[in-house]
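Participant: This structure is in structure tokens; I'll ask about it shortly.
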Amino acid sequence: MTSDKTIYMGKQLQNFIAVVRDEEVILIKNEEIYYIEKIGRKSYIHTKNDSFVTSKTISYYENRLCENCFFRCYRSCIVNLIKVKKIVPQINYTYNIYFEDINQHVPLSRDRIKQLKSLLGI
């Protein structure tokens, strides 16, 4: 993982996120993003083969990304629903979200379960 800066390129370019790494501008297509998480003051954009570090907020990404494809599963994380393989119940009425093609999972907040079920039509 390397550190970079995120570039805002206007509302019309919402099908990708632009990040700067080693003085290069890298365009990350929305469909390549598995999830974005905030750790401390940094956001991490996770793709299948790479992670990108930015200083933008989760709210920034939530507003830039397609609201029907990306879901805020807890305060510090947005997931790409297209990349979700399964949602597995855990102890204490919580869930974990698992992704296709990567060996990662993120928790689903109890407060957001109803919202996700409604979005998925369950």
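The values are calculated or read from the model by the stated rules, or taken from the named source; none is laboratory data. Please read these numbers as outputs of a predicted model, since none were measured by experiment. When we count neighbours, we look across all protein chains shown, and the Cβ atoms used for this are built from the backbone with ideal geometry, even at glycine.
Participant: Pick from segment 86-109 the residues that are hydroxyl-bearing (Ser, Thr, Tyr) and at negative phi: which of them is modelled with the lowest pLDDT?
Facilitator: 94
Participant: If you take the residues in segment 8-36 that are polar (S, T, N, Q) and part of a loop (DSSP other than H, G, I, E, B), which one is modelled with the lowest pLDDT?
Facilitator: Across segment 8-36, the extreme among qualifying residues is 14.
Participant: Among the residues of segment 99-122, how many are of a type in the set (Ser, Thr, Tyr) and surrounded by 16 or more Cβ atoms within 10 Å (Cβ to Cβ)?
Facilitator: The qualifying residues number 1.
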